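Engineer: Handing you this structure, nothing more for now.
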Amino acid sequence: MKYKIKIEPEAHRDIQESINWYNNKQKGLGKKFHKEVKAYFQSIKTNPFYEVKYDNVRCIPLNKFPFTIHFSVNDVDKVIIVNAVFHT
């Protein structure tokens with residue numbers, strides 16, 4: 001069963017700041033970053049049960065960019081809460 005994703009405002013800011021930073025480094029690179037983040041969101045919708053790293057927060061590293069998505073899972077409501085997208 002697919003879960004819904006709720007992205008916290010702090011995580012939205014993390015993503016937007018990273019998109020802007022990458023776009024300043026190379027045109028179109030921010031779009032590639034955003035595309036990868038969205039692909040990982042789709043992936044965790046179907047399989048959110050990654051290892052718990054701290055305080056019931058799970059983490060999944062991106063492949064192409066040095067970032068980790070930090071999220072928690074509400075199994076009762078079938079919601080994934082994205083808390084942050086941190087640069088590693």
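The values are calculated or read from the model by the stated rules, or taken from the named source; none is laboratory data. As the structure is a computational prediction, the values presented were derived from the model and not from experiment. Virtual Cβ from ideal backbone geometry, glycine too; neighbours counted across all protein chains shown. Side chains included, ligands, DNA and RNA excluded: accessible areas come from the protein's heavy atoms. Shrake-Rupley method; radii C 1.70, N 1.55, O 1.52, S 1.80 Å.
Engineer: Which count do you get for residues in the range 45-88 that are touching a helix residue (DSSP H, G or I) at 6+ places or on another chain (Cβ under 7 Å), part of a loop (DSSP other than H, G, I, E, B) and open to solvent by less than 80 Å² (accessible area, probe 1.4 Å)?
Structural biologist: The qualifying residues number 2.
Engineer: May I pose another question? Output the residues belonging to the range 59-88 that are over 16 Å from K4 (Cα atoms) and among the charged types (D, E, K, R).
Structural biologist: Correct list: K64 only.
Engineer: Within the range 17-34, does at least one residue satisfy the condition of being open to solvent by less than 100 Å² (accessible area, probe 1.4 Å), touching a residue at least 60 places away in the same chain (Cβ under 8 Å) and part of a helix (DSSP H, G or I)?
Structural biologist: yes
Engineer: Can I ask one more? Does any residue in the range 61-86 that is within 18 Å of K45 (Cβ to Cβ) and charged (D, E, K, R) come within less than 9 Å, Cβ to Cβ, of a residue that is modelled with pLDDT of 95 or more and open to solvent by 40 Å² or more (accessible area, probe 1.4 Å) six or more places away or on a different chain, and which pairs are these?
Structural biologist: Note: pairs meeting the criteria are D77/K4; K78/K4.
Engineer: Looking at this structure, is F41 modelled with pLDDT of 95 or more, open to solvent by less than 80 Å² (accessible area, probe 1.4 Å), part of a loop (DSSP other than H, G, I, E, B) and touching a strand residue (DSSP E or B) at 6+ places or on another chain (Cβ under 9 Å)?
Structural biologist: Judged against the criteria, F41 is not a match.
Engineer: Follow-up. Which of the residues that make up the range 33-55 are charged (D, E, K, R) and under 17 Å from K78 (Cα atoms)?
Structural biologist: K45
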